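Let me begin by presenting the structure, written as structure tokens, before commenting on it.
The values are calculated or read from the model by the stated rules, or taken from the named source; none is laboratory data. All values derive from a computational prediction rather than experimental measurement. In this analysis, Cβ positions are derived from the backbone assuming ideal geometry, glycine residues included, and neighbour counts consider all displayed protein chains. The protein model used for the area step is the full one, side chains on, heavy atoms only, and it has no ligands, DNA or RNA in it. Shrake-Rupley method; radii C 1.70, N 1.55, O 1.52, S 1.80 Å.
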Amino acid sequence: MGNAFDFKSANDTVNIGVIGTGDRGTGMISNINKIENFNVIACSDILPFRLENGLNATNGKAKGYSDYRKLLDNKDVDAVLVSTTFNMHSKIALDALDAGKYVYCEKTMEKGMTVFKS
């Protein structure tokens with residue numbers, strides 16, 4: 001089995017967008033910054049002060065969005081970390097998948113199966 005961090009492609013860096021830059025999202029940016037070949041290039045939050053905190057954690061390396069859908073339109077973003085309120089996880093994750101992004105959520109995306117039956 002190969003090492004997940006052993007990139008052997010034309011794109012040796014995984015460009016990440018963080019959706020939800022509250023305490024958890026901003027804290028995760030600090031962790032991501034420590035991983036070789038991972039690069040936070042975009043942040044999104046609906047609260048301006050939270051977005052500013054997330055952008056500051058990237059040391060000026062990311063673009064900010066007040067609407068996560070605009071972040072998903074960014075073709076340079078390979079994957080997203082969803083760290084919003086629980087009730088928004090499934091909507092954002094499904095939108096991200098539809099946009100061709102890889103998705104990481106730490107929490108359950110949805111209660112029950114109703115979302116998957118539609």
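Please verify whether T58 is over 21 Å from G100 (Cβ atoms), in contact with a Lys or Arg (Cβ under 7 Å, 6 or more places away or on another chain) and open to solvent by less than 30 Å² (accessible area, probe 1.4 Å), treating the condition exactly as stated.
So T58 does not fit the description; no.
Looking only at the stretch 35-62, residues that are over 15 Å from G25 (Cα atoms) and basic (K, R) come to 1 in all.
Being without any contact (Cβ under 8 Å) to a residue 60 or more places away in the chain and open to solvent by less than 80 Å² (accessible area, probe 1.4 Å) is a description that does not apply to G20.
Would you confirm, using the coordinates I've provided, whether G64 is under 11 Å from I19 (Cα atoms), in contact with a Ser or Thr (Cβ under 8 Å, 6 or more places away or on another chain), open to solvent by less than 30 Å² (accessible area, probe 1.4 Å) and not hydrophobic (A, V, I, L, M, F, W, C)? If you could, list the steps in order and put the result at the bottom.
Details: under 11 Å from I19 (Cα atoms): yes; in contact with a Ser or Thr (Cβ under 8 Å, 6 or more places away or on another chain): yes; open to solvent by less than 30 Å² (accessible area, probe 1.4 Å): no; not hydrophobic (A, V, I, L, M, F, W, C): yes.
So G64 does not fit the description; no.
Of everything in the stretch 79-106, what is in a loop (DSSP other than H, G, I, E, B), open to solvent by 30 Å² or more (accessible area, probe 1.4 Å) and closer than 18 Å to G54 by Cβ? Give them in sequence order. Within the stretch 79-106, T84, T85, E106 meet the criteria.
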